[in-house]
Structures are given as structure tokens and as C-alpha cells.
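The values are calculated or read from the model by the stated rules, or taken from the named source; none is laboratory data. All values derive from a computational prediction rather than experimental measurement. With ideal geometry, Cβ positions are generated from the backbone for all residues, glycine too; neighbour counts draw on all protein chains shown.
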Amino acid sequence: MLNSSKIHSTKKRPSNNNEQGFSLLEVIVAILILTIALMGTAAALSYALEYGTTSRNVGTAKLLITSTMEEIESLRNTRRLEFKQIANIGEVDNTDCKNTFKGFSVGFNPVGLDPGIDGVNGTDDDIKEAGPDGILGTADDVDNTALSRSGYLRKITITPFLTDPTIKKVEINIKFFSSGGIVSEISGVGYLNNESRTTG
């Protein structure tokens with residue numbers, strides 16, 4: 001009689017010495033090197049974004065200075081304002097002028113998105129909104145900061161040239177917020193004479 005029990009064989013697999021994996025130490029060192037490289041890349045990207053923001057803010061501030069200078073010259077050239085009216089509040093001479101002008105604001109003020117009721121940028125009415133009476137240009141008008149360019153303040157200083165009364169120095173300063181909450185300032189200076197030029 002034959003014994004029909006199964007015979008189990010346990011064959012050993014032949015070992016292949018060419019199969020080797022990475023040790024735990026090698027994996028940890030590789031992850032550490034990769035982490036250091038990624039941190040350097042992240043720092044470079046962060047710096048690039050910060051520099052880009054600062055560059056954009058400086059560019060915008062320069063454009064604000066240039067456009068303000070050009071507007072003041074255009075006010076003179078088109079005779080919307082006489083040369084003697086181009087001054088800060090308290091120094092305007094409206095004698096014999098067809099329009100009455102209060103003057104450019106003193107000190108740093110928000111940069112309005114549109115000129116106010118007087119149609120001139122850089123004056124006290126730039127960010128005014130009609131008050132309870134619903135009429136713009138009355139004593140109850142209120143400031144609305146939504147009507148201003150966020151993050152920018154402008155100061156226009158107009159001074160007569162001491163040695164020549166037909167020339168005025170126009171200085172425009174712009175304060176803006178850089179990255180990290182730092183307030184930066186940029187200035188532009190121009191000179192305006194009493195000779196209007198015809199444009200067109």
C-alpha cells in the first residue's frame with residue numbers, strides 16, 4: 001500500500017548578492033539634502049515676490065509723481081488755473097481770476113482715484129462724498145477712503161522761487177507701504193514758470 005501523504009519540500013531560494021536596498025541612514029541623509037535644497041528655493045521665491053512687490057510700488061509712486069507734475073503743468077497751460085493760483089491752501093491768489101481755487105492740500109493725504117468736485121487732483125475734496133444733505137461740495141461732506149488709492153499718500157508742496165517770482169518749485173512726495181509693512185517715500189521736484197505752452 002502506498003502512502004499518499006503529500007511531501008512538502010522547502011526549497012531555499014538561491015540568494016543573489018546583487019540585490020541591495022538603501023539603508024535607513026542613506027534615506028535620511030537624502031531627505032535632509034532635499035529639504036535643505038527646497039528651503040533655499042523657497043527663500044529665493046519669497047525674496048523674488050518681495051522684490052517684485054517693492055518694485056511695483058516704486059513704479060506706481062513714480063507714475064503718481066509724474067502724472068501730478070503733468071497735471072499741474074496742464075492746469076497752467078490750459079488756463080484752468082492762473083500761475084498765481086497754483087499754490088497750497090492759504091497761499092492762493094484768486095484776484096482777477098475767472099475760477100476760484102482753494103489750493104493744493106497741505107501735508108500727506110490719500111491719493112484720490114478721481115479728482116473731486118473742483119476737478120483738480122491733490123486737493124481736499126478728492127475723496128469727499130456727499131453727506132446727509134446729498135449734495136457734494138457742502139459742509140457736511142465726509143471722507144470716503146474707498147475713493148482713494150490704497151496704500152499711497154501724496155504731499156504736494158509749492159513754493160515760490162526766491163530770486164525769480166515767475167518760477168515756482170513743485171515738490172511731490174509719495175509715501176507707500178513696502179512689503180513687511182515698511183513705509184517708504186519717494187520724491188520728485190520740478191519747476192513751473194509763468195509761461196504757458198500750447199499743447200496739441
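In the range 140-157, which residue that is among the small types (Gly, Ala, Ser) and assigned to a strand (DSSP E or B) is surrounded by the fewest Cβ atoms within 10 Å (Cβ to Cβ)? Before you say what the answer is, go through the steps one by one.
Residues of the range 140-157 among the small types (Gly, Ala, Ser): 146, 148, 150-151.
Checking which are assigned to a strand (DSSP E or B) leaves us with 148, 150-151.
Values: Ser148: 19, Ser150: 10, Gly151: 15.
In this case the residue turns out to be Ser150.
Could you pull out the residue among Ile167, Ile186 that is under 18 Å from Ile65 (Cα atoms) and surrounded by 12 or more Cβ atoms within 10 Å (Cβ to Cβ)? Don't jump to the end; show me each part of the working.
On the way: Ile167 fails: under 18 Å from Ile65 (Cα atoms).
Unique residue meeting the criteria: Ile186.
Yes or no, residue by residue, for (1) without any contact (Cβ under 8 Å) to a residue 40 or more places away in the chain; (2) over 17 Å from Glu73 (Cα atoms):
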| site | (1), (2) |
| --- | --- |
| Glu129 | yes, yes |
| Ile135 | yes, yes |
| Thr138 | yes, yes |
| Val142 | yes, yes |
| Ala146 | yes, yes |
| Arg154 | no, yes |
| Gly190 | no, no |
| Asn194 | no, no |
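Which of the residues that make up the range 127-146 are among the aliphatic types (A, V, I, L, M) and in contact with a strand residue (DSSP E or B) (Cβ under 6 Å, 6 or more places away or on another chain)? Can you show your working first?
The initial filter retains those residues of the range 127-146 that are among the aliphatic types (A, V, I, L, M), namely 127, 130, 135-136, 139, 142, 146.
Result: Ile127, Val142.
Can you tell me which of Leu81, Leu75 is crowded, with 19+ Cβ neighbours inside 10 Å and part of a helix (DSSP H, G or I)?
Sole residue among the options that is crowded, with 19+ Cβ neighbours inside 10 Å and part of a helix (DSSP H, G or I): Leu75.
What is the one condition in (1) surrounded by 10 or more Cβ atoms within 10 Å (Cβ to Cβ); (2) among the polar types (S, T, N, Q); (3) outside any helix (DSSP H, G or I) that Thr100 does not satisfy?
It is condition (1) that Thr100 fails.
Would you say Pro110 is modelled with pLDDT of 90 or more, under 21 Å from Asn57 (Cα atoms) and not small (Gly, Ala, Ser)?
Considered against the rule, which asks whether it is modelled with pLDDT of 90 or more, under 21 Å from Asn57 (Cα atoms) and not small (Gly, Ala, Ser), Pro110 comes out as yes.
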